[in-house]
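Here's the structure we're looking at; comments come further down.
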Amino acid sequence: MHMNETQLIPMLSDIELDEINAEIAHAPYPQAVAIDALKIVQAHRGWISDESLNAIARHLNMSPAELDGIATFYNLIFRRPVGERVILLCNSVTCWIKGYEQLQQQISERLGVSLGETTKDNQYTFLPVTCLGACDKAPVMMVGDDLYENITSETVTQIFRTQQEIDA
């Protein structure tokens, strides 16, 4: 007995489907909400697994390859597990000129991870990003949904204060 394709791909949750269908209702065609659908599922699951991508693609009547092309182009869609909060440190030319390297080293030392890694407590994933669109306020980074501009060494210390420092 062979399993059909729909049995191999986990289903989207009812909540995810409701949210995606609400977006589809306002779109000219289902594929137009591809990024929104990816963001919805990521908001519920933390990242987009291959299985999730396949389920979304099937629901939007797209091929998984088409949807993966969109997911991998958009730098706020995570195709592998990430920590509770993602740190996106801009490594554009402007941020490099304004001190990216020192900030990257300071954050790595502070959290004990290199770029592309997640802290042992799963609190943070530290990733480079090509541009955050705030070159006039470089260097910049995002921590979760918060954008930090004109970052200095002091800014990094303030953002990543340890619990011991807060309790002191």
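How large is the convex hull of the C-alpha atoms of the chain per residue, in Å³?
With only Cα atoms used, the chain gives 157 Å³ per residue.
Mind running the shape call on the stretch 20-64? Use the C-alpha gyration tensor, a ≥ b ≥ c as the square roots of the eigenvalues: rounded below 1.5 for a/c, prolate if a/b tops b/c, oblate otherwise. Write down the numbers at each step before the final one.
Numbers: a/c = 2.65, a/b = 1.38, b/c = 1.92.
Oblate shape, in that a/c is at least 1.5 and b/c is the bigger or equal ratio.
In deg cm²/dmol, rounded to 500, what helix-only [θ] at 222 nm does the chain give when every DSSP H run of at least 4 residues adds -39500 (n - 2.57) and the total is split over its residues?
Calculated from helices alone, the mean residue ellipticity at 222 nm is -12500 deg cm²/dmol.
Give the lysines reachable from K98 as a straight Cα distance under 30 Å; neighbours fewer than 8 places away on the same chain don't count.
Output for K98: K120, K137.
For the stretch 36-168, with only Lys/Arg (+1) and Asp/Glu (-1) charged at the beta-carbon, what is the dipole magnitude about the Cα centre, in debye rounded to 20?
Charge dipole, the stretch 36-168, about its Cα centre: 180 debye, nearest 20.
Applying 1/(1 + (r/R0)^6) with R0 = 41 Å to the Cβ-Cβ distance of H26 and R161, what FRET efficiency is obtained, to the nearest 0.05?
Values: r = 42 Å, r/R0 = 1.03.
With R0 = 41 Å, the Cβ-Cβ based efficiency is 0.45.
Rounding to the nearest 10 and keeping the result within 0 to 90°, find how far the Cα-based axis of helix 64-73 lies from the longest principal axis of the chain.
Taking the Cα atoms of the chain, the angle to 64-73 is about 20 degrees.
For the stretch 26-44 and the stretch 88-110, write down the distance between their C-alpha centroids in whole Å.
32
Every cysteine in the chain with no other Cys Cβ under 4.7 Å from its Cβ, please list them in numeric order.
Among the cysteines of the chain, those whose Cβ sits 4.7 Å or more from every other are C131, C135.
Provide the descending list of Cα extents for the stretch 85-167 along its principal axes, expressed in whole angstroms.
35, 24, 22
Under 19 Å Cα-Cα from K39, which aspartates and glutamates qualify once same-chain neighbours fewer than 8 residues away are excluded?
Straight-line reach from K39, under 19 Å: D14, E16, D18, E19, E23, D50, E51, E66, D68, E84, D145, D146.
Would you mind counting up the charge near A134? Only other residues with Cβ under 12 Å from its Cβ, with Lys and Arg at +1 and Asp and Glu at -1.
For residues surrounding A134, the net value is 0.
Throughout, read-outs are computed from the coordinates displayed, never taken from laboratory work. Computed from a prediction, not measured in an experiment: that's the story for all the values here. Because the Cβ atoms are built from the backbone with ideal geometry, glycine has one as well, and the counts that use them run over all protein chains shown.
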